[in-house]
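Here, each number is a calculation from the coordinates, and none is a lab measurement. Predicted model, so just to flag it, every value in this text is computed and none were measured. Counting neighbours? That spans all protein chains shown, and the Cβs are built from the backbone with ideal geometry, glycine included.
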Amino acid sequence: MQTAGKYEDYHFVDTTKPVWNYSRFEGDDIANFQNGTNYRCDELFGSHLMEVLGTTGYYFAVWAPNATFVSVFGEFNEWNKQSHPLFVRLDNSGIWEGFIPDLPKGASYKFHTHGYAGQKLDKGDPYANFWEVRPNTASRTWALDYEWSDVTWMDKRKEHNKLDAPWSVYEVHLASWMRPDKHNEEIYHSYSFFKEHLVSYVKEMGFTHVELMPIMEHPFDGSWGYQGAGYFAPTSRYGTPQEFMELVNAFHNEGIGVILDWVPSHFPYDAHGLFMFDGTHTYEYADMRKGYHPDWNSYIFNYKRGEVKSFLISSAMHWFRKYHIDGIRVDAVSSMLKLNYSRTAGQWEPNEHGGDGNLEAIAFIKDLNETIFRDFPDVQTIAEEATDWPGVSKPTFEDGLGFGMKWMMGWMHDTLKYFKQDPVYRQFQQDQFTFSMMYYYDENFMLPLSHDEVVHGKSPMLYKMPGDEWQKFANLRLMYSYMFTHPGGKLLFMGNEFGATNEWNYKSELQWELLQYESHNGVRECVKALANLLKAEPALYENQFNQYGFEWVDLNHGAESVMVYKRKGKDAANDVLVILNMTPVVRKDWKIHVQGKQSWKEIFNSNDAKFWGTGDTYNPDIQVRIVDGQAGWYELNVHLPSLGAIILK
């Protein structure tokens, strides 16, 4: 709770009225808000527990520039829309504010607004820290006091979040990871439950980070969180803000970073949300050629408006400051960058230079990344961007957008297309498989096998694989082996790690019952081994975003669909050799020429019996023959399992 200053700092407080005329704004707060450079708006707007003139209560502030009347109403005044009007500032800022004494923590409230042309609107608080559980739509007074115990992680998290650290991300939709009743979508486990069960599971699996699909407050479960209303509040579906802090704290104490999906691209038209907030297009563009999103039936933020830019960047900073998160994955960046995204001729207007780039959105993204990395140099920002837009993960001083990483959508599409093919045809598609390394160094890429690939008829990962049951599992283990040994960060959606047989359904839960079968548990054990191998072998991550970390060793056996590459760290002694046999043919005494080291051992085999492989093709002793001792060339004699990957060190 904050305590007010001296009496002369108050703005004509009248203690005889239900709302006292009090302001928290000072100095350049208003100017920065209007200029789009106030990145601590969460400390000014919304509701804040305070003590004024020795009286405890809540201060409220809301931006409604075209309103003629704004009041706070809720259960505390029996939902009376007239009894607690706010005061409008006399500086043309459009900010309404006031202090309501004796208001308790947890009280439900909304803003009642007389907006443009006499419209009367009831809105939730855009800056609320806590909301009622849906389908209720009111905000709740709250305070974000919490004593963190993750100092060890916070002091050293740069080592975990830097670009030359191992990155394996487990993507999670909390509601459907596990439910109290998998047949009842109306009930959820709590943040406290996930603290006990999800944290230990991610730790057991060896992932370095967890990525939570949007946990910001949202009205509709079917949006998966991507149509948000509360940009400063973790959803109350699972508990309180403090309970969410406990979850983050628990991840950190197990050495696991936390990334949040964040959606600054669009928002829904729910009556209590941001749309037409004061009867006008307050947060969204007024021109629907820029302001309406045809794909998602939603509305696009007006990045030109300084107050909106301050709102959004303050939201991102809020999660870093108040919740200790380690990164944000920014959703739908492609739709923000392009004025003609999902629009045909005549449905969009070029920018002032005649191009299709949204110049205001581009400037916003650059400012967002600059601000985050300025204040939190030990975190990451990750872009979901699916076009060939240049420099997404390049610094802004190099004319890039400034993200730390970018999802490698091309790798995902090419890899799935390759593995879906019957192995007999893979010999003709080697170029498709190797193409990723032709453009890999353009960006700092993260390889995603995300939720988007296992919904809407795309089938689960297991059933994308060809062949009989054994071959499907072998192919899946092979693909994951390729993913974890390819340069870049890795992201795997929940359920993919054990070969789910159903598409993901947000209304249900993961098919945990499949783990009773050796085949599915074997895939999970394979992913666990790969995740731990990634952390144990510096060659797999130290140079993952530069040209020194990867080398093709053998691409001359396309007819047999055998491909060999080396992953290289900062010390050549740590180099590893990856050999992929893409066909269901066991290849005994396979010869590989490699330079640099004479002694090699097998450290991973995707055909291991504990992974539900046959376990009969492995390399306990690798024969090595000198080819050119002076140049350091050696011939390795190895056995390659059917549809298998082996890793040598």
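Compared with the dominant principal axis of the Cα atoms in the chain, helix 359-375 is inclined by about 80°. A cut-off under 14 angstrom between Cβ atoms defines the neighbours of ARG134, and their net charge, with Lys, Arg +1 and Asp, Glu -1, is -4.
With charges only on Cβ, +1 for K and R and -1 for D and E, what is the dipole size of the stretch 353-439 about its Cα centre, in debye, rounded to 20?
Details: 7 positive and 14 negative charges, 79 e Å.
The dipole of the stretch 353-439 has a size of about 380 debye.
Against the chain, whose longest principal axis is taken from its Cα atoms, helix 306-323 shows a tilt of about 60°. The fraction of all Cα pairs in the stretch 286-340 landing in successive 10 Å bins from 0 to the largest distance is 19, 45, 29, 6, given as whole percents. For the peptides 378-390, 21-33, the ranking by packing is 378-390, 21-33, with the highest mean count of neighbouring Cβ atoms within 10 Å listed first. Taking other residues whose beta carbon is less than 13 angstrom from the beta carbon of PRO466, and scoring Lys, Arg as +1 and Asp, Glu as -1, yields +2. The GluC sites (Glu not before Pro) of the stretch 144-190 meeting both criteria, a DSSP state outside H, G, I, E and B (loop) and at most 12 other C-beta atoms within 10 angstrom of the site's C-beta, are GLU147, GLU186.
Where does each of 303-311, 268-276 land if you order them by average Cβ count within 10 Å, highest first?
Going from most to least packed, we get 303-311, 268-276.
Anisotropy class assigned to the stretch 1-117 is oblate, per the alpha carbon gyration tensor with a/c at or over the 1.5 cut-off and a/b no larger than b/c. Take each peptide in 626-639, 518-531, count the other Cβ atoms within 10 Å of every residue, and average; sorted highest first, the result is 518-531, 626-639. Projecting each Cα onto the charge dipole of the stretch 2-140 (Lys/Arg +1, Asp/Glu -1 at the beta carbon, about the Cα centre), which of VAL13, THR37, THR137 comes out farthest on the positive side? Farthest along the dipole direction, towards plus: THR137. Could you let me know the centre-to-centre spacing of the stretch 191-233 and the stretch 433-477, using Cα atoms, in angstrom? So the separation of the two Cα centres works out to 23 Å.
Between the residues HIS451, LEU640, HIS318, the greatest Cα displacement towards the positive end of the dipole of the chain, with unit charges on the Cβ of Lys, Arg, Asp and Glu, is found for LEU640. Counted over the chain with a bin width of 20 Å, the fraction of Cα pairs per bin, in whole percents, is 18, 47, 26, 8, 1.
To the nearest 20 Debye, how big is the dipole of the chain about its Cα centre, given +1 on the beta carbon of each Lys and Arg and -1 on that of each Asp and Glu?
That gives a dipole near 820 debye.
For MET288 and TRP512, a Förster radius of 51 Å and the Cβ-Cβ distance give a FRET efficiency of 0.70, rounded to the nearest 0.05.
Looking at the stretch 2-140 only, what percent of DSSP beta bridges run antiparallel? Nearest 5 please. Don't skip to the answer; put the middle values down first.
On the way: 31 of 33 bridges.
Taking every DSSP beta bridge within the stretch 2-140, about 95 percent pair in antiparallel fashion.
I need the fraction of alpha carbon pairs in the stretch 480-572 separated by more than 15 Å, rounded to a whole percent. Working shown, then result.
On the way: 2897 of 4278 pairs.
Tail fraction, whole percent: 68.
Entry for the stretch 547-648 at q = 0.15 Å⁻¹: log10 I(q)/I(0) = -0.60, Debye formula applied to identical alpha-carbon scatterers, no solvent contribution. Rounded to the nearest 20, the size of the Cβ-charge dipole of the stretch 547-648 about its Cα centre is 160 debye, with Lys and Arg at +1 and Asp and Glu at -1. Between the residues GLY402, LEU492, SER71, the greatest Cα displacement towards the positive end of the dipole of the chain, with unit charges on the Cβ of Lys, Arg, Asp and Glu, is found for LEU492.
Which value at 222 nm does the chain reach when only helices count, each DSSP H run of 4 or more adding -39,500 (n - 2.57), with the total divided by all residues and rounded to the nearest 500 deg cm²/dmol? Don't jump to the answer; show the numbers that get you there.
Working: 15 runs with 155 residues, N = 649.
The helix-only estimate for the chain comes to -7000 deg cm²/dmol at 222 nm.
Work through the residues other than ILE259 whose Cβ is under 10 Å from its Cβ and net out their charges, Lys, Arg +1 and Asp, Glu -1. Let's see the in-between values first.
Working: positive: ARG329; negative: GLU171, GLU211, ASP261, ASP326.
Charge balance near ILE259 sits at -3.
For the stretch 157-205, the alpha-carbon radius of gyration amounts to 1.47 times the rule-of-thumb value 2.2 N^0.38 Å expected for a compact globular protein. Cα gyration tensor of the stretch 454-516, axes a ≥ b ≥ c as square roots of the eigenvalues: rounded (a/c below 1.5), prolate (a/b > b/c) or oblate? Verdict is oblate for the stretch 454-516.
By its C-alpha gyration tensor, with a ≥ b ≥ c as the square roots of the eigenvalues, how is the stretch 180-261 shaped: rounded for a/c under 1.5, else prolate for a/b larger than b/c, else oblate? Working shown, then result.
On the way: a/c = 1.76, a/b = 1.42, b/c = 1.24.
Prolate, because a/c is 1.5 or more and a/b exceeds b/c.
The Cα-based radius of gyration and maximum Cα-Cα distance (Dmax) for the stretch 49-208 are 21.5, 59 Å.
Take the cross-link list LYS110/LYS309; LYS290/LYS507; LYS17/LYS123; LYS568/LYS591; LYS110/LYS195 and give me the ones stretching past 28 Å between alpha-carbons.
Values: LYS110/LYS309 23 Å; LYS290/LYS507 33 Å; LYS17/LYS123 23 Å; LYS568/LYS591 21 Å; LYS110/LYS195 31 Å.
LYS290/LYS507; LYS110/LYS195, as the Cα separations exceed 28 Å there.
Note the angle between two axes, namely the Cα long axis of helix 241-253 and the longest principal axis of the Cα atoms of the chain, as a number of degrees from 0 to 90, rounded to the nearest 10. Result, in degrees: 30.
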